[in-house]
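One structure below.
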Amino acid sequence: EGAAIAQYVQKNMRIPRRGEVGWNGTEIESLEKQGYVMSGSRHARMNAIRIRKENQVYSAEEKRALALIQFEENQQAEAKIMNEFRDMLTDRLEKQRRELAQSGMDETTAGQMKERK
C-alpha cells in the first residue's frame, strides 16, 4: 500500500481515498464539485489515516533524497582527498627527481645506491 501511495506522490497526483480506487483524480474532483461526497471524504478517521500515510510517504521520499545528497557529498569529499593525495605524491616525486638531477644521478642509479645502504 505504501509503494502504491509513493507512486502517486512521485507523479505529483492526488492520493485516492477508500472508495475512490479505480477513479482518476480529475473524475473524483469533478464529482465532488457536482456535490457528491466520496466515501473517504466524509469520515474524519479516514482523513486522519490518509494524512498519516501521505506524511509517511513524504518523509520516506525526503529520507531517500537526503541519503542521495549525502552520498554525493561523500563522493565529492573523497575525490577531493584523493586529488590532494595525488598532488602530494606528484610533488614529492618531482622534488626527488630535481634532487637527483642536481646531484647528476639518474633514478635507477640512485635506487641501487639506496639498496646498498
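The values are calculated or read from the model by the stated rules, or taken from the named source; none is laboratory data. Not measured: the values here are computed from a predicted model. Glycine gets a Cβ as well: all are built from the backbone with ideal geometry, and neighbour counts include every protein chain shown. Just the protein is used for accessible areas: all its heavy atoms, side chains included, with ligands, DNA and RNA removed. Shrake-Rupley method; radii C 1.70, N 1.55, O 1.52, S 1.80 Å.
In summary, residue 82 fulfils each of the numbered conditions (1) in a helix (DSSP H, G or I); (2) at pLDDT below 75 with the single exception of condition (2).
Within the stretch 24-48, the residues that satisfy the criterion of being over 33 Å from the mean Cα position of the chain (by Cα), modelled with pLDDT of 70 or more and open to solvent by 100 Å² or more (accessible area, probe 1.4 Å) are 33, 34, 36, 45. The test for being acidic (Asp, Glu), under 30 Å from residue 3 (Cβ atoms) and at pLDDT 80 or above does not hold for residue 54.
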